[in-house]
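Here's the structure, in structure tokens; my notes come after.
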Amino acid sequence: MADFEPVLLRRILKKASPWLDAYRADGGYRALQKAVHEMTPAQVVDTVKTSGLRGRGGAGFPTGLKWTFLPKDHPGPIYMCINADESEPCTFNNRILMEEDPHQVLEGIILSCYATRASTAYVYLRYEYGRSYRVMQQAIDELYNNNLLGRNILGRDFHLDIYLHRGAAAYICGEETALLESLEGKRGWPRIKPPFPAVEGAFRKPTVVNNIETVACVTHIVDRGADWFKSMGVPPDPKNPRDTGSYGPKLYCISGHVNKPGCVELPLGITLRELIDKYGGGVWKGRKAKGAIPGGISMGIMTEAEFDTPLDFAGPAKVGCLGLGTAAVTVFDEETSIVDVLYNICRFFAHESCGQCTPCREGTGWMLKIMERIRRGQGRLEDLNILEVAGDQMGIIPGTTICGLADGAGWPVKNAIRKFRGEFEQYIRGAKKSRLLELVKTH
Amino acid sequence: MATVYVNGKPVDIGNEKLNLIQAAQKAGVLIPHYCWHPALTVVASCRMCLVEVGERKPDGSITMQPKVVPACQTPAKDGTVIVTNSNKAKFAQEQTLEDLLLNHPLDCPVCDKAGECLLQDYTFNFGRAQSRMIDEKNTPPNKPYIGNNVTLFTDRCIMCSRCVRFTREISGTAELQIINRGHHSEIDIFPGEPLNNKLATNVVDLCPVGALCSKDFLYKQRVWNLKTRESVCADCSTGCSIWLDGNKSIVYRLRPRYNPQAQGHFMCDDGRLGYHYVNSIERFLQPMVRRDGKLTPLPWTEILPTIRQAFQSVAQKDAAGVVGVLSPFLTCEEAYLIAKFLKKLSGQVRLALGPVPILGADDTYPKDRRGRPIQPVKFTIRAEKCPNRRGVEEILRYFQGEIISFEQVVHDAAEGRVQAMYLAAGYPPRPGGWISETQAQMLQHIPLIVCHDLLPSPVSNFAHYVLPGASWAEKEGTFVNHAGLAQAIHWGVVPTGQIRTDGQVFLDLLERRGLLHAPTLRKELAAEVPYFAALARGDLGEYGIPLNDERSA
């Protein structure tokens, strides 16, 4: 796949101008012209559906299918929410898309709204993305001035307004219903489902929530066709009826202990080892990797032995991880203490749990307290069992919480305990201490 | 007709829209729950009501869902299978309880809620014996002032958010909110905007644990020492059903009792905290007669025959000059007995309705942030501050066909046309009093006044006989609320001193034997007065009996 021509990052790698004229000169808004003049909204939905595009935000839900859940002949308004609350640690692909090539994203948003008949789109940005906000706003202003937004877009009976909304920097607001609550000005607490957002979402109207990268893909699917999209990636596993295949390009973020951290675009299905060695420049300082996080920390942990797993939507689950997530790979080398890794993970989730459901609110805090104690050298062996059970029983998968944050909080814990139990036991017995703690002590 | 299967037992739930907690209740199975409350929206966040759910197909096969689901959020449909006692469901409940107790201080010995705490009860029934946590608990600071009547023990809170939803959905005033995140979440108010609406103390009842406590009741009694009786609040004509908690002769608190026919789930703070006069040390404790301008005690056995004879002799001379004033605080049975006594003297004896206290206008909730009422109304505090105007009026109407107002009687008295007056008052002390000084002065020249009341008033200063009355908390009988709903009240505390219940006094005046027994009298009343015919069974049940009235229709 060495000769893969980037699609989403096509202009970014060339350091092209983010202005509308430059984007048009590179073939921008061709897809929108085509859709608005030649296709009905239903045809756009069908195209996206046949392309097999799955949501890039983490859950991997088929995008076209999501759009068809909207009630037919709804008097409106229908809202489109674009999730740019990219708060999964180590994930930064949305930011690159928004900051470097905003028009590609906006074209995707307009196309998605055309397909779903949405009349208003909200882009929910995480608070930290100030630059993204400014660049996107500039691009939106350009679109209004060029009749690509507002009333009668391109002379057709198609009206659309796009608003940017900056959140208040909470991880939970990346969950789609918490995002809607936050957008409505309420506390970012996930809603109970049903009703699903497609039926009753923002301001109690039908709403679609899509990720930035997903809508960026829509641009290219409409432009180049579903077959082009399907020519990349991994077909569904015939043994798994619930796998709908992983097609198209994906932005992989590589970070952690590698020589060349960054974001690369590759067709879905590359193995983790190839990604690290070929595109991440290998593990730093000539060391070996101990493990890696396949797609943001909520997806769990892979050991070095599992690095040959392909990173598609079904791959990480085969080795006990939660899923592909945002495909943000974080590598940690053999010198890193797993206790430190897990402590950091627990600290993140205890801080970010919204506090609504009991198992997650109390469970994340408890896991953090246990990890703090283990790290202090006061751990007990039975703590590992407690962590494993606690990690196992919280989340939507066992049914004990409203949203998936708890799954994400529990998964790395139980992965780490199951896969690195020996090291934990060694640490607790006092054979090995955290390097980080020693560093802190010397200060 | 829908049938659900609770732990293998089929239950017919009819066509009602129920969730699984309610459906299981019909089968007599308790699904533990905290955040769910029938009057509030569903948030499904406490995760206490996790159960296994499946569906029974018409062919008898059962498919279970792979995960546990919150019962409060799941509607019961025909063929729904609920399993609450499987290992999986029990494990989930046990786990939730362990989680809830992680940061709970377990200070039950000093907690006001101990004994009626759902965290205690559920932990006993569904929890595990020991916590596996050995780490330090979070100890957020307590908030002694979140409102004039409510205090918050932050560390005991289990974040069910019932109180927050109550202030947003029922009172509409939205004072409470959740601050911070994760296991540091706390209930709090906005600075300078305390929880002072008139329904505020309901959050104390809603709180399943000891986090929100009523300042009025705090540290007064352990709840297991209280005797709880069903009663009706006497502070306005809404007639909220309540639990009356007392011990010996002291009332300690009132709590709302669910009654769909009266007020729903809640009660107002005016009523809830308005009981203190019952415990007042200023109450009349013994019957007294005025001798040489001074009130001197006289035993019941002597004073009652004296009063009876006095009234009889006046009635023989000038029957139209005898007036009975029946306050709207009397029960229907008492009004019936005193009316009977006075009318037995002579048919010309006049009966009047005592002053009906009206304060402002009806106060409805929810309100918006500016205090303006909004629709639909979920709770009403009535302007008419008495429990039984309708009941007493019906008695008066039966005995003399018309209702004479108190003003009329005062007017007549001022003109010297009243020779004897029996004031069956029983008024609570409220600002302004039930009778003004001017009105009292106009009664001053009546040759014979019996003042049967709880507390000193301008009339008792010159009345010839003063009889100690019993408060509503000490007597049994029937109150008819503004909408014609007849509800039973029961005595919750024993009257102190020589106080006898008003009804007993009237029985003695009537020279009828025996002790007052409300159901028996109610049957008599139902047989005699057509308006009360529906009460013929004597027992009014938990929710009372609506009396159909053509006049209000």
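Using only the Cα atoms of the stretch B:187-236, each taken as one equal point scatterer with no solvent, compute I(q) by the Debye sum, divide by I(0), and report log10 of the ratio at q = 0.32 Å⁻¹. For the requested q values the scattering log ratios are -1.31.
Classify the stretch A:319-360 from the C-alpha gyration tensor, please: rounded if a/c falls under 1.5, else prolate or oblate depending on whether a/b exceeds b/c. It is oblate, given that a/c is not under 1.5 and a/b is not larger than b/c. When the square roots of the Cα gyration tensor eigenvalues are ordered a ≥ b ≥ c, the ratio a/c for the stretch B:111-228 is 1.5 or more and a/b does not exceed b/c, which makes its shape oblate. Counting only other chain Cβ atoms within 10 Å of each residue's Cβ, the peptide A:345-358 averages 5.
Look at where the Cα atoms of the stretch A:230-300 and of the stretch B:199-268 average out, and the two centres are 62 Å apart. Ignoring lysines fewer than eight residues from A:K250 along the same chain, the ones with Cα atoms less than 19 angstrom from its Cα are A:K14, A:K49, A:K230, A:K260, A:K278. For the pair the stretch B:494-553 and the stretch B:158-176, the centres of their Cα atoms are 40 angstrom apart. Projecting the Cα atoms of A:G281, A:I293, A:I270 onto the charge dipole of the stretch A:251-313 (Cβ charges, centred on the Cα centre) puts A:G281 farthest toward the positive pole.
Rounded to the nearest 500, the helix-only mean residue ellipticity at 222 nm of chain A stands at -12000 deg cm²/dmol, with each DSSP H run of n ≥ 4 adding -39,500 (n - 2.57).
A simple spin-label model places pseudo-atoms 7 Å from Cα toward Cβ; at A:D73 and A:R131 they are separated by 5.0 nm. With N as its number of residues, the protein assembly as shown has a Cα radius of gyration that, divided by 2.2 N^0.38 Å, comes to 1.22. Each helix, a run of at least 4 DSSP H residues, gives -39500 (n - 2.57); summed and divided by the residues of chain B, these come to -7000 deg cm²/dmol at 222 nm.
Couplings for the stretch B:88-93, taken from phi via the Karplus curve 6.51 cos²θ - 1.76 cosθ + 1.60 with θ = phi - 60°, read 5, 5, 5, 5, 5, 5 Hz in order; Gly and Pro are left as x.
Please say if the stretch A:10-231 is rounded, prolate or oblate, where rounded means a/c under 1.5 for a ≥ b ≥ c the square roots of the C-alpha gyration tensor eigenvalues, and otherwise the choice is prolate for a/b larger than b/c and oblate otherwise? Here the stretch A:10-231 falls in the rounded category. For the stretch B:2-97, a Kirkwood radius taken over Cα pairs fed into Stokes-Einstein (37 °C, viscosity 0.692 mPa s) yields D = 249 µm²/s. Dipole orientation for the protein assembly as shown: of the candidates A:N94, B:G544, A:C321, A:C321 has the Cα lying most toward the positive pole (charges on Cβ; Lys, Arg +1; Asp, Glu -1). In terms of surrounding Cβ atoms within a 10 Å radius of their Cβ, A:M371, A:M394, B:M64 rank from fewest to most as B:M64, A:M371, A:M394. The charge dipole of the stretch A:10-231, taken about the Cα centre with unit charges on the Cβ atoms of Lys, Arg (+1) and Asp, Glu (-1), comes to about 200 debye, rounded to the nearest 20.
Note on B:R370 and A:R347: the model spin-label points, each 7 Å out from Cα along the C-beta direction, lie 4.9 nm apart.
A convex hull fitted around the alpha carbon atoms of the stretch B:377-423 yields 120 Å³ per residue. When the Cα positions of A:G422, A:H74, A:L143 are compared along the charge dipole of chain A, A:G422 comes out farthest toward the positive end, with charges on each C-beta of Lys, Arg, Asp and Glu.
Only lysine pairs 8 or more places apart, or on different chains, with alpha-carbon atoms under 14 angstrom apart are counted in the stretch B:113-279, and they number 5.
Taking 7 Å steps out from each Cα toward its Cβ at B:K17 and B:T301 produces label points 6.6 nm apart. Cα centroids of the stretch B:279-320 and the stretch B:336-375: 27 Å apart. Take each peptide in A:225-234, B:468-477, count the other Cβ atoms within 10 Å of every residue, and average; sorted highest first, the result is B:468-477, A:225-234.
Placing R0 at 51 angstrom, the Cβ-Cβ distance between A:S119 and B:Q408 gives a FRET efficiency of 0.15 after rounding to 0.05. Within 10 Å of the Cβ of each residue in A:394-403, the mean number of Cβ atoms contributed by other protein chains is 5.
No value in this document is a laboratory result; all are computed from the given coordinates. Just so it is clear, the structure is predicted and the values come from calculations on it, not from any experiment. We place every Cβ from the backbone using ideal geometry, glycine too, and count neighbours over all the protein chains shown.
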